[in-house]
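The values are calculated or read from the model by the stated rules, or taken from the named source; none is laboratory data. Just so it is clear, the structure is predicted and the values come from calculations on it, not from any experiment. Neighbour counts are summed over all protein chains in view; Cβ atoms, including those assigned to glycine, are modelled from backbone coordinates with ideal geometry. The area values use the complete protein model at the heavy-atom level, side chains included, leaving out ligands, DNA and RNA. Shrake-Rupley method; radii C 1.70, N 1.55, O 1.52, S 1.80 Å.
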Amino acid sequence: MIFSRTPLRISIGGGGTDLPSYYSRFGGFVITAAIDRYIYIALHKIFPPTYIIKYSILETTETVDEIKHPIVREAFKMHGIQPKIEMVSMSDIPAGTGLGSSGAFNVGLLRGIYHMKREHIGTQALAEEACHIEIDRLKEPVGKQDQYVAAFGGIICMEIDKDGSVRVSPLRISTETLHDLEDNLLLFFTGYSRSASTVLADQKQKSEN
């Protein structure tokens, strides 16, 4: 059995400049931070010749094309994952809270797949593959922030060129400032959630005008 644990994130500055509709015209710059709340993915080989996918719902299918979860379906198709596999996901927070859970799920799933195949992938390549699944294959109106911070962790700066290439560097921050941030940052769940795709689609439309 393979387990992966991938951090969620908060955006500190530059959110929205990581959308292709923005950085393709102006470039982008984002400061984002991983937090100590996580998405957990488990991959387990099973005997029945089926796919068992467990998240907020339970799926049991015989073919990869029948999988309804779009990220799981595309990741399995890209890597040729055959039946006799069970995937389970768990999270420290509810979906739709704006902490980059889809990107973290994507990165965690891919990391688990590579370990299961006993193949190595670099951190940047992992982030880019996750972006490729969501942006290119699924045509979701998302940016690159969530996938990159989930892959790299820490507090990072992302410089995004117009061609979509990304340079990542750690934020230069003193230990004292980091401790102050950790001691004074509070996150509250209001009980409301929303679809990130709806919010980002509106942001994408506005950045294109």
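Taking 0.36 nm per intervening residue step and subtracting the Cα-Cα distance, what contour gain separates Ile46 from Lys68 on full extension? Can you show the working numbers first?
Values: separation 22, 0.36 × 22 = 7.92 nm, distance 1.98 nm.
Full extension of this stretch gives 5.9 nm more.
Measure up Lys84/Lys139; Lys54/Lys84; Lys84/Lys117; Lys77/Lys144; Lys45/Lys139; Lys117/Lys162 against 25 Å on the Cα-Cα distance and list the ones that go over.
Numbers: Lys84/Lys139 29 Å; Lys54/Lys84 14 Å; Lys84/Lys117 14 Å; Lys77/Lys144 22 Å; Lys45/Lys139 30 Å; Lys117/Lys162 34 Å.
Flagged as over cut-off: Lys84/Lys139; Lys45/Lys139; Lys117/Lys162.
What whole-number value in Å² describes the accessible area per residue of the chain for a 1.4 Å probe?
Using a 1.4 Å probe on heavy atoms only, each residue of the chain averages 55 Å².
Rounded to a whole number, what is D in µm²/s for segment 9-50 from Stokes-Einstein with the Kirkwood radius over alpha-carbon pairs (4 °C, 1.567 mPa s)?
D = 96 µm²/s.
If you restrict to DSSP beta bridges whose two residues both lie in the chain, what percentage is antiparallel, to the nearest 5?
Taking every DSSP beta bridge with both residues in the chain, the antiparallel ones total about 90 percent.
Stokes-Einstein D for the chain at 20 °C, 1.002 mPa s, Kirkwood Rh over Cα pairs, in µm²/s? Could you put the intermediate results ahead of the total?
Values: Rh = 17.9 Å.
Calculated translational D: 120 µm²/s.
If you rank Lys162, Lys77 by how much accessible surface each has, with a 1.4 Å probe, what is the order from largest down?
Lys162, Lys77
What percentage of the solvent-accessible surface of segment 108-156, computed with a 1.4 Å probe over protein heavy atoms, is contributed by carbon and sulfur atoms?
46 percent
Set the Förster radius R0 to 22 Å, insert the Cβ-Cβ distance between Thr60 and Ile2 as r into 1/(1 + (r/R0)^6), and round the FRET efficiency to 0.05.
0.65
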